[in-house]
Amino acid sequence: MASRDYMHRLPDAGSSLRRPESLSRRWHIDLPLLLLLMVLAGVGLVVLYSASGEEVHYVKRQAVFMGLAFVGMVIAAQIPLEFYRRWSPWFYLAGCCLLVAVLFFGVGAKGAQRWLQIGGFRFQPSEALKLAVPIAVAAYLHKRSLPPSFLTVIGTLVIIGVPAALIVRQPDLGTSILIATSGIFALYLSGLSWKMIGGAVVMALMAAWPMWMWGLRDYQKQRILTLFNPDADRLGAGWNIFQSKAAIGSGGWDGKGYMQGTQSQLDFLPESHTDFIIAVLAEEWGMRGALILLVLYLLIIARGIYISFMAQHVFGRLLAGSITLTFFVYVFVNIGMVTGLLPVVGVPLPLVSHGGTSVITLMAGFGILMAVSTERRRVLF
Amino acid sequence: MSENLRFKDHHTEQRLFRNRMLVAIFGVVVLLGVLVARFYNLQVVNYEDYRTQSDQNRIQVRPVPPTRGLIYDRNGEMLADNRPSYTLSVVRERVRDLDATIELLGRLVHLEDRDVEKFNRRLQRRRPFEPVPLRYRLSEDEIARISVNEFHLPGVSVEAELVRYYPESKLFGHSVGYVGRINERELSGFSEEDVRRYRGTQSIGKVGLERSYEDLLLGEVGYENVETNARGRVLRVLERHDPKPGAELTLHLDTRLQQVATEALGDNRGAVVAIDVKTGGVLAFVSQPSFDPNLFVTGISYKDYSALRDSLDVPLFNRVIQGQYPPGSTLKPMMGLGGLAAGVISAETEVADPGYFKLPNDPRIYRDWKRWGHGKHIDLIQGLAQSCDVYFWDMAARWNIDDMHDVATRFGLGEKTGIDLPREYPGLFPSRAWKRGARGVPWFPGDSLNTVLGQGFVLATPLQLAVMTATIANRGTHYRPQMVMAIDGVEQPPEVLHHVDARPEYWDLVFEGMEAVVYSAHGTGKKAGAGLDFKVAGKSGTAQVVGIAQGEKYDSEALKERHRDHALFVAFAPVDDPQIAVSVLVENGEGGGRVAAPVAREVFFDWMSRPLENTASRLVWRPPMSISAPVHPHPHPHPHPHPQEDGIRG
């Protein structure tokens, strides 16, 4: 296998055209991405302050997590891509082992086991898989000739399928789908043929009915049904969506003013500081605020895509593309859910919703993106 | 394998990636467009709808029930008060799991199955987001336990509510009456305006003055716009329109006189009515046995109710206005006056009484209550004093029944007195037309003989007898009997219904005859005036109990007692300037003079022994032209205690 590594030698490797390295380059920081992320995190803290009912406690906690996450991002950016690639099978295996451990020793609430507790420290192994899976898939495909052959596709699907299945068992359908999505994006970007994509879509449609009959739990079905008829049960399953739509809609173009949102401030909006925080922003800042946020996300995604285009080899390219597109999926699923376009799944709004683990995973992902971005000129052996 | 070993084509890979990424970018742009369109749809296109929805969410219009008007006796003593009571209520819309909530509440407070049953029924007909009462009259401990667990009980609240309280308990059960929870029947009879007026109000007058003055006592509902959070907790009041409290009623009733009359009746079943001769105001209104109206206010328990309902003494029966009794000889003074006015008899008319009477062409013998007769020379005065039946038979035989009926009607018999109380019965005074219509047979002369003695077809309520007596005492001025003296401090003028025209000497004769009842040697009501330093005029009566009322259980001892005659006595005092007229009924008391007259005496004694300023209330209405009305030196010694105050008291 190692004999094929020479294939990845860059044509201009060791070029003497090197300019003096800028500070950001030396620290492997992508400045435009960093600035955009900092603006987004700042906006997130401001909205959180209002959404939590002016609880400084929440904001402080979140700020500490953000700080940690930025540090984590910088650290992740320092690690050479080659390291991620070589170690990816071990990350992946360790992650899967933790998921198995969760099934046996996990703790949790509301009938789901998602956490591992070691001493006083709790963490959610599925978060780690959010990165481990795309890295593993990208590394796997990196060594295959592309477009992927049928066998390679099967191999990739196995890599994706094992952790996804373990997470579904917790049960945590939302995270499972997102992790699977991140792997599938890498596969897709590697040049999966349209025939196979078409075939998969047809199979998915055919699987929908048995999935509905036997695969989904009652509360999951309920959420999907609620999507189509949220008014049927306003005080039960439809409550959240009814209230969030009222919050967003009543914000209008101008919004009700910062900390003036009646829906969010009077507790009509459930989960206002976590999953439904965009409704607070849209209610208080109006459609203008929502558009500004969408533009911020769009810019971050655009930068991520640019980085993936500029990547000099398959691993970096697939990884950057997958991380960026998955980030977009988070944004879309969350906002789609809060505005009543998608069923309610527990997906936080990236960098705005309150919650520590997801911020750290996300920023680590952006760290890897930065590693890709600043490694352009490096020779990979 | 050959594919696997194929050389990786760097440019193909890059092209493939670019190709796929461009499709993905297209997808991202389209989906972001969908989100923008969604925001546009929610925030711009449907802005008004969602704005309204969000306002409806947070702003609730809450009715503010008015304070029910208070009721006082003539001296400002409280007869009906409002006191705070704590009610456990549930807003169904705010409760996720009702069964679990009720289960938890059942562990915190005492809940009976009946409470839950009633609650479920109330749930069916609630308005959205209206708190539905689950338990009334929470104790302090229960309130504390609920507030500790408030966090687990969204949609559950403890509400302070003013409920009626009757401090005198049984004393005014039949007159003041009571309020109770609005029931389904009443609710279904509500007009749209009623539904509005009773928003937030749980009670309605059921019996007595509480019912007849319901419209005035209720007041006018107010409302407030409040901002609430999702758990229904009120955060602030945005706008408030104060309710208008109900009118305050000041009654003619006198608490002490009521007590005296009640005590004088003792353990007997019966009724006592005292009327202010000058106004028609009812000073005492006793129907024995009575009941505690407080039992009914927040819903009487089944046990208490069946005890009241099944009692042989029928305590819920208002004898004063619903008890229709044969008035017996108490009619004689009125009949005497009618006979004089009609010229059937005169002061000189004398009748020989051998102990019986015979009508011409009628073999039947009518026996006087006194077997050997009252003597050979019985005139009107002796006829009244000794209650001589033959004297009045002789008169009736020569008198037209329809004229008799006419006189009785002017004195208030045979029709409702028009007192300001609900469900009054009219009694009956027969006439030819009535008998033909009701019985289908013509009038016989013998019917007149029964009628003049207050028997046969004649029925009268104790109130009617009191009105009749007051009309005699007033020398023909027949006032409508009134419970309420003043509404919100505004005096209610008395109302004259009839005037009986007769020469003054005729009235003097009747007065003399009634005085003789109390004071002459053979008088039948001597106990009515015993030991009083003013003159009393009265008339005794005895009403035969015809049968056993339907539904009464057979009990030989009780039955024997209940077969005895009813004792009656009507009287007024003082004779030279009548102030107060009284009628007394003692069920199965047998002798009117023996059992009923002493009750009247106690009432007179109490009323007349008071200093004048006590009997003549501050608010008493005085006819401006009347010379006979006592002129009080200080008509308004104190300002009226609570004329126009509003708000919560107690």
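Figures for the structure shown
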item	result
Sequence of B:SER301, A:SER322 from largest to smallest accessible area, 1.4 Å probe	B:SER301, A:SER322
Amide H partners (placed H, <5 Å) of B:LEU497, local residues excluded	B:HIS478, B:TYR479, B:ARG480
Accessible area (Å², per residue) of chain A, counting only protein heavy atoms and a probe of 1.4 Å	44
J(HN,Hα) series, region B:356-373, from Karplus relation 6.51 cos²θ - 1.76 cosθ + 1.60, nearest Hz, glycine and proline x	8, 9, 10, 7, x, 6, 9, x, 6, 9, 9, 9, 5, 4, 9, 4, 9, x
Full-extension gain in nm, A:ARG86 to A:ILE118, via 0.36 nm per residue minus C-alpha separation	8.7 nm
Loss of accessible area when B meets A, both sides summed, Å² nearest 100, probe 1.4 Å	5000
Mean separation of Cα contacts under 8 Å, 6 or more apart, over the residue count of chain B: relative contact order %	14
Cα gyration tensor shape for region A:136-212, rounded if a/c is under 1.5, else prolate or oblate	oblate
Accessible surface, per residue, of region B:255-615 when the full set of protein chains is kept, probe 1.4 Å, Å²	40
Computed accessible area, A:ILE177, all protein chains, 1.4 angstrom probe, square angstrom	90
Region B:255-615: relative contact order as a whole-number percent, Cα under 8 Å and 6+ apart	22
Rule-of-thumb Rg ratio for the protein assembly as shown [Cα; 2.2 N^0.38 Å; N residues]	1.56
About the Cα centre, charge dipole magnitude for chain B (Lys/Arg +1, Asp/Glu -1 at Cβ), debye	1920
Net charge of neighbours whose Cβ lies under 10 Å from the Cβ of B:PHE534, counting Lys and Arg as +1 and Asp and Glu as -1	-2
Anisotropy class of region B:339-395 from Cα gyration tensor, a/c 1.5 cut	oblate
Solvent-accessible ranking of A:LEU68, B:LEU238, A:LEU187, largest area first, probe 1.4 Å	A:LEU68, B:LEU238, A:LEU187
HN-Hα J in Hz across region B:17-23 - Karplus 6.51, -1.76, 1.60, θ = phi - 60°, x for Gly and Pro	4, 4, 4, 5, 5, 4, 4
Inter-probe distance in nm under a simple model that places probes 7 Å from Cα toward Cβ, at B:LYS560 and B:GLU117	4.2
B:LEU134 long-range amide H proximity, modeled H, under 5 Å	B:LEU88, B:SER89, B:VAL90
Equivalent ellipsoid, chain B (semi-axes from 5 times Cα gyration tensor eigenvalues, Å)	74, 26, 22
Residues in region B:69-97 that a label on B:GLN60 would reach, taking backbone N under 13 Å of a point 7 Å out along Cα→Cβ	B:89-95
C-alpha long axis of helix B:113-124 to longest principal axis of chain B, angle in °	70
Residues in region A:303-317 that, when all protein chains are in place, have 40 Å² or more less accessible area than the chain alone would give (probe 1.4 Å)	A:ILE305, A:PHE309, A:ARG317
Cβ-placed point charges (K, R +1; D, E -1), dipole of the protein assembly as shown about Cα centre in debye, nearest 20	6420
Cβ-based net charge around B:ILE345, under 11 Å, with every Lys or Arg adding one and every Asp or Glu removing one	-3
Residue-level accessible surface for B:LEU16, protein heavy atoms, 1.4 Å, Å²	20
Estimated distance in nm for a label pair at A:MET259 and A:VAL56, the labels positioned 7 Å out from Cα along Cα-to-Cβ	1.2
Carbon/sulfur fraction of accessible area - region B:255-615, other protein chains in place, 1.4 Å, %	50
Cα-based helix-to-principal-axis angle, A:194-210 vs chain A, degrees rounded to 10	40
Estimated FRET transfer efficiency (B:GLU93, A:VAL100; beta-carbon r; R0 41 Å; 0.05)	0.35
With all protein chains modelled, accessible area of A:VAL133 [1.4 Å, Å²]	0
Chain A, relative contact order in percent, only Cα pairs under 8 angstrom and at least six apart counted	27
Using alpha-carbon coordinates, inclination of helix B:597-608 to the longest axis of chain B, degrees	70
Reduction of at least 50 Å² in accessible surface, 1.4 Å probe, comparing all protein chains with the chain by itself, residues of region B:40-56	B:LEU42, B:GLN43, B:TYR50, B:GLN53, B:SER54
For region B:255-615, with +1 on Lys and Arg beta carbons and -1 on Asp and Glu, the positive-most of B:PRO578, B:GLY541, B:TYR479 along the dipole	B:GLY541
Proximal charge balance of B:LEU384 [Cβ under 12 Å; K/R count +1, D/E count -1]	-2
Candidates A:ASP275, A:ASP254, A:ASP218: whichever shows maximal mean-square fluctuation once chain A is modelled as a Gaussian network with Cα springs under 10 Å	A:ASP218
Amide H contacts under 5 Å for B:VAL163, placed H, 5+ residues apart	B:ARG83, B:SER85
Simple label model, 7 Å out from Cα along Cβ direction - A:PHE150 to A:VAL74, nm	5.2
Ranking by accessible area, most exposed first, for B:HIS522, B:HIS241 with a 1.4 Å probe	B:HIS522, B:HIS241
Charge dipole (the protein assembly as shown, unit charges on Cβ, about Cα centre) - positive-most of A:VAL347, A:LEU325, B:VAL36	A:LEU325
Listed residue (A:HIS142, A:LEU369, A:THR156) projecting farthest to the positive dipole end of chain A, Cβ model	A:HIS142
Selected from A:ILE241, A:ILE118, A:ILE278 as most flexible by GNM, with chain A as the system and alpha-carbon contacts under 10 Å	A:ILE118
Of A:TYR219, A:TYR188, A:TYR330, the one that fluctuates the most in a GNM where chain A has Cα springs shorter than 10 Å	A:TYR219
Sulfur and carbon atoms: percent of accessible area, chain A [1.4 Å]	68
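The values are calculated or read from the model by the stated rules, or taken from the named source; none is laboratory data. Predicted model only: the values in this text are computed from it and were never measured. Please note: Cβ atoms are built from the backbone with ideal geometry, for glycine as well, and neighbour counts cover all protein chains shown. All accessible areas refer to the heavy atoms of the entire protein, side chains included, with ligands and DNA or RNA removed. Shrake-Rupley method; radii C 1.70, N 1.55, O 1.52, S 1.80 Å.
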